[in-house]
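Read the structure below first, then the notes.
The values are calculated or read from the model by the stated rules, or taken from the named source; none is laboratory data. Just so we're clear, the structure is a prediction, and the values are computed from it rather than from any experiment. Glycine also receives a Cβ, built like all others from the backbone with ideal geometry; neighbour counts cover every protein chain displayed.
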Amino acid sequence: MKKMSYYLKTTTFILTSLLLIFATPNQVFGTNPSQQTLNFYGINGIYYYNPNGSSDSNCVSGSNSNYSGAQVLDGATSSAIQANQAFYKEAADKYGFDWRIIAAIHIMENSAKRANPSNGQGAYQLYSYTNGGKNSNAFLPAGQISDEEFQRQTDIMAELIANNYGAGLDLSSAAGIKTLFFRYNGTAQKYIDKAIAMGFDGTAANTGEGSPYVMNKYDAMRDPSSSNMSPDWPGMYVGDGKWSDTATSSRPGAYTIYVAMGGTDGGSVMECYIIGANGGRLVAGANGMTLQEAQEFMQAYKNAVRGVSDADLKTLYGMTGNSCSGGIAYNCVSFSRYFINMYTNDYITNHITVGLGNGADIVGSLISGNYGFTDGGNIPQVYSIFSTSSGSTMCGTKACGHTGVVLGINTNTNTIIIGEAACGSGESGIKAREESLTTFMSSSYRYAYPNKVNSIY
């Protein structure tokens with residue numbers, strides 16, 4: 001089997017290797033860091049882009065926006081992609097193409113859900129592979145699937161991309177990726193004719209330039225919400241073999257999504273730095289975040305969980321069944337678990353799904369459970385998890401307590417910044433707050449230091 005050339009071809013220097021999504025270009029490092037900073041990254045397994053003094057333009061990063069600046073993926077979908085990324089990458093790396101190709105198809109076919117629809121075609125809607133969900137390859141039963149099953153289906157998807165839908169294509173090029181998406185959806189002649197009517201030549205038309213599945217909302221002339229939409233853009237299949245001359249789609253096309261996630265748009269891809277769901281970033285250094293940065297980080301958490309079902313939150317972030325008004329995301333334990341799984345662990349090999357107890361129990365469970373944490377005693381450290389048994393709410397015969405994350409420390413001002421959720425307070429309880437460092441160094445608090453921090457810029 002001929003492997004595709006790996007898309008990450010550049011003269012830039014990379015210290016380690018892992019991916020991220022939805023980075024904003026103006027935050028990419030444009031100058032060389034200090035040796036101290038490089039050492040910090042190396043020790044903590046942080047994945048850093050050094051452009052050797054070159055401009056930011058060498059680093060293509062996803063903005064989660066299209067040509068007009070409009071958001072492409074909502075918070076729930078981008079959260080799902082963040083959680084699924086390692087699975088996509090493991091499968092795509094076997095064949096040397098960009099994991100975002102799988103992600104874009106998954107979004108188009110099943111809203112990035114880790115679940116089997118009732119039609120038997122699986123998480124990626126593999127119609128031909130399953131003969132419409134009727135042969136022995138059918139993915140059954142319907143409903144949520146395990147991590148193992150999701151990886152199996154993703155591996156099948158990657159193999160089909162490499163050897164079927166993408167056969168003979170350069171999947172490091174814009175034309176090759178568009179053609180792949182077009183083949184996946186079906187290379188209907190009506191879409192080829194549409195592209196030609198819009199002014200594309202025959203070669204471009206055969207890559208799917210006229211297909212809404214591929215190119216919707218990529219530019220103004222193919223955006224139904226734009227006053228500059230081409231009069232030739234309406235028209236699409238609205239069912240099996242059913243064509244409408246006037247129909248348009250409100251959702252972005254697969255290639256539009258792919259580019260919004262940082263995929264190549266005619267140039268090479270460079271991974272710049274790692275971020276969490278919906279833009280949440282950690283800040284390097286012993287002091288961690290300022291209060292403003294911490295507030296922005298907590299807003300990213302709100303964006304990540306807003307509108308996401310409890311079932312999906314459990315799958316995506318390892319949240320447990322701690323119930324609160326509005327859902328489990330508003331529980332202090334849930335936020336700590338989100339942080340642990342997204343920022344301090346390998347998502348696949350050490351994704352914590354077992355119970356860790358109530359707020360008062362989290363630190364003890366992390367240390368005793370061999371989850372990659374060190375006992376910090378009563379001394380806080382940036383990005384450590386804290387537990388306290390204080391509070392009047394009882395869980396059985398003992399206080400439920402509280403947990404959260406240390407996001408910043410300033411010894412000069414004797415302040416500590418913590419990120420937390422508070423059951424019963426809804427979104428208003430998800431916040432960063434500044435408190436006395438001395439108070440948080442008392443015997444009432446206990447800390448677990450992560451042995452690895454994944455996401456720092």
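Only one of the numbered conditions (1) farther than 17 Å from N185 by Cα; (2) modelled with pLDDT of 95 or more is violated by D219, and that is (2). Taking the listed residues Y213, Y129, Y124, the one that is touching a residue at least 24 places away in the same chain (Cβ under 8 Å) and part of a loop (DSSP other than H, G, I, E, B) is Y124, with no other qualifying.
Within segment 304-319, is there a residue that is within 20 Å of V406 (Cα to Cα), touching a strand residue (DSSP E or B) at 6+ places or on another chain (Cβ under 7 Å) and buried (at least 18 other Cβ atoms within 10 Å of the Cβ)? So far as segment 304-319 goes, no, none of its residues is within 20 Å of V406 (Cα to Cα), touching a strand residue (DSSP E or B) at 6+ places or on another chain (Cβ under 7 Å) and buried (at least 18 other Cβ atoms within 10 Å of the Cβ). Out of curiosity, is G208 over 24 Å from the mean Cα position of the chain (by Cα), buried (at least 23 other Cβ atoms within 10 Å of the Cβ), assigned by TED's automatic domain parsing to the domain that holds S249 and in contact (Cβ under 8 Å) with a residue 40 or more places away in the chain? Here the answer is yes, as G208 does meet what is asked. Considering only residues that are among the acidic types (D, E) and surrounded by fewer than 23 Cβ atoms within 10 Å (Cβ to Cβ), which ones fall in segment 211-236? The answer is D219, D232.
Taking residues in segment 139-162 that are in the same structural domain as P117 (by TED's automatic domain parsing), and partners anywhere that are in a strand (DSSP E or B) and of a type in the set (G, A, S), the pairs with Cβ atoms closer than 8 Å and at least 6 places apart or on different chains are A142/A115; G143/A115; Q144/A115; I145/A115. The condition of being within 20 Å of G210 (Cα to Cα) and buried (at least 17 other Cβ atoms within 10 Å of the Cβ) holds for only one of F139, F150, F182, that being F182. Pairing residues of segment 350-372 that are assigned by TED's automatic domain parsing to the domain that holds I328 and part of a helix (DSSP H, G or I) with residues that are at pLDDT 85 or above and surrounded by fewer than 14 Cβ atoms within 10 Å (Cβ to Cβ), at Cβ distances under 7 Å and at least 6 apart in sequence or on separate chains, gives I367/D375. For beta carbons closer than 8 Å, sequence separation of 6+ or different chains, a first residue in segment 236-247 that is farther than 15 Å from N185 by Cα and a second that is of a type in the set (A, V, I, L, M), the qualifying pairs are S244/M236; S244/V238; A247/M236; A247/V238. Scanning segment 148-165 for any residue that is outside any helix (DSSP H, G or I), within 24 Å of the chain's Cα centre (by Cα) and farther than 14 Å from K89 by Cα turns up nothing. Consider T187 carefully, then state whether it is over 27 Å from Q71 (Cα atoms) and either touching a residue at least 60 places away in the same chain (Cβ under 8 Å) or in a loop (DSSP other than H, G, I, E, B) (or both). For T187, the condition - over 27 Å from Q71 (Cα atoms) and either touching a residue at least 60 places away in the same chain (Cβ under 8 Å) or in a loop (DSSP other than H, G, I, E, B) (or both) - is met. Among the residues making up segment 65-94, a single one is in contact with a Lys or Arg (Cβ under 6 Å, 6 or more places away or on another chain) and either modelled with pLDDT of 95 or more or assigned to a helix (DSSP H, G or I) (or both): G75. Of the residues making up segment 135-147, one or more are in contact with a Lys or Arg (Cβ under 9 Å, 6 or more places away or on another chain), at negative phi and in a helix (DSSP H, G or I).
Yes/no per residue for (1) at pLDDT 90 or above; (2) within 22 Å of T290 (Cβ to Cβ):
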site: L366; (1), (2): yes, no
site: Y371; (1), (2): no, no
site: Y383; (1), (2): yes, yes
site: G396; (1), (2): no, no
site: C400; (1), (2): no, no
site: V406; (1), (2): yes, yes
site: I409; (1), (2): yes, yes
site: R446; (1), (2): yes, no
site: P450; (1), (2): yes, yes
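Checked against (1) part of a strand (DSSP E or B); (2) within 22 Å of M342 (Cβ to Cβ), E427 passes all but a single condition, namely (1).
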